[in-house]
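Here, each number is a calculation from the coordinates, and none is a lab measurement. Since the model is a prediction, treat every value here as computed from it, not as a measurement. Because the Cβ atoms are built from the backbone with ideal geometry, glycine has one as well, and the counts that use them run over all protein chains shown.
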Amino acid sequence: DSGVTQTPKHLITATGQRVTLRCSPRSGDLSVYWYQQSLDQGLQFLIQYYNGEERAKGNILERFSAQQFPDLHSELNLSSLELGDSALYFCASSPRQASAYEQYFGPGTRLTVT
Amino acid sequence: GENVEQHPSTLSVQEGDSAVIKCTYSDSASNYFPWYKQELGKGPQLIIDIRSNVGEKKDQRIAVTLNKTAKHFSLHITETQPEDSAVYFCAASGQAGTALIFGKGTTLSVSS
């Protein structure tokens with residue numbers, strides 16, 4: 001158990017809908033990263049937050065957004081869902097030290113868009 | 001940007017044999033190289049990592065080697081066991097607190 005929690009574990013929804021995925025980092029970690037894992041694209045970085053502020057963006061669609069709250073949990077919002085958005089979504093957190101490289105992943109949310 | 005290639009995509013070994021997975025990276029500025037193990041239905045688990053100021057690192061049956069000149073790094077698993085069966089991912093990043101760029105993964109099957 002990495003200490004990173006994600007809810008829900010599974011999510012099934014229809015095209016055009018909007019969903020919110022939730023992540024709580026390990027106790028004391030300030031950085032949260034979101035990654036998408038699909039069969040054809042592998043693990044791809046979406047977005048990073050550090051202590052409430054957006055720090056970096058990767059291959060994140062405009063239909064997707066995220067935020068990190070004062071208690072450091074993060075939410076990933078996916079809207080106008082398409083079939084191709086079906087994937088596993090992971091968050092990871094990183095120790096607060098500026099020199100820390102390690103990232104610890106949560107169990108993921110499996111999103112199925114029908 | 002950084003690109004990480006991983007080989008082989010599948011690897012089958014007998015219990016007790018060694019397994020080697022190789023990765024190459026493109027950005028010479030990358031200096032952190034972790035390996036993750038992902039079991040079915042679970043998130044990636046960090047199993048070992050190496051920084052560019054080190055050539056080799058061992059942790060019991062697993063080891064990672066890094067060749068900065070050639071820009072490649074490898075995962076070595078000795079005395080494989082059935083519970084080593086999983087998908088293994090290599091990754092690279094350029095500095096602390098930045099995103100990881102992952103390889104496509106290697107599915108390791110260990111048969112008893």
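What the table shows:
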read-out	value
Residues being part of a strand (DSSP E or B) and within 16 Å of residue A:16 (Cα to Cα) - total across region A:61-75	2
Strands (runs of 3 or more DSSP E) contained in region B:31-99 and holding at least 1 residues touching a residue at least 40 places away in the same chain (Cβ under 8 Å) and either within 14 Å of residue B:20 (Cα to Cα) or not β-branched (Val, Ile, Thr) (or both)	B:32-38, B:72-77, B:86-92
Single condition residue A:33 does not satisfy, out of (1) at positive phi; (2) within 11 Å of chain B (Cβ to nearest Cβ)	(1)
Residue match in region B:97-108 (condition: within 14 Å of chain A (Cβ to nearest Cβ), over 12 Å from the mean Cα position of the chain (by Cα) and either more than 27 Å from residue A:8 (Cα to Cα) or surrounded by fewer than 21 Cβ atoms within 10 Å (Cβ to Cβ) (or both))	yes
Residue B:77 being closer than 21 Å to residue B:112 by Cα, in contact with a strand residue (DSSP E or B) (Cβ under 8 Å, 6 or more places away or on another chain) and of a type in the set (A, V, I, L, M)	yes
Selected residue (criterion: nearest to the other protein chains (Cβ to nearest Cβ)) from residues of region A:88-114 that are closer than 12 Å to residue A:2 by Cα and of a type in the set (A, V, I, L, M, F, W, C)	A:105
Scope region B:1-23; condition of a type in the set (S, T, N, Q) and within 13 Å of residue B:72 (Cβ to Cβ); matching residues	B:3, B:6
All positions within region B:7-32 that are among the charged types (D, E, K, R) and within 16 Å of residue B:89 (Cα to Cα)	B:22
Which numbered condition residue A:65 fails, given (1) within 26 Å of residue B:104 (Cβ to Cβ); (2) more than 9 Å from chain B (Cβ to nearest Cβ); (3) of a type in the set (Ser, Thr, Tyr)	(1)
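Conditions tested, residue by residue: (1) more than 15 Å from residue A:10 (Cα to Cα); (2) touching a residue at least 12 places away in the same chain (Cβ under 8 Å); (3) surrounded by 14 or more Cβ atoms within 10 Å (Cβ to Cβ).
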position: A:39; (1), (2), (3): yes, no, no
position: A:53; (1), (2), (3): yes, yes, no
position: A:65; (1), (2), (3): yes, yes, yes
position: A:81; (1), (2), (3): yes, yes, yes
position: A:87; (1), (2), (3): no, yes, yes
position: A:101; (1), (2), (3): yes, no, yes
position: A:108; (1), (2), (3): no, yes, yes
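Residue-wise test of (1) among the aliphatic types (A, V, I, L, M); (2) in a strand (DSSP E or B).
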{"residue": "A:21", "(1), (2)": "yes, yes"}
{"residue": "A:26", "(1), (2)": "no, no"}
{"residue": "A:33", "(1), (2)": "no, yes"}
{"residue": "A:37", "(1), (2)": "no, yes"}
{"residue": "A:46", "(1), (2)": "yes, yes"}
{"residue": "A:56", "(1), (2)": "yes, yes"}
{"residue": "A:59", "(1), (2)": "no, no"}
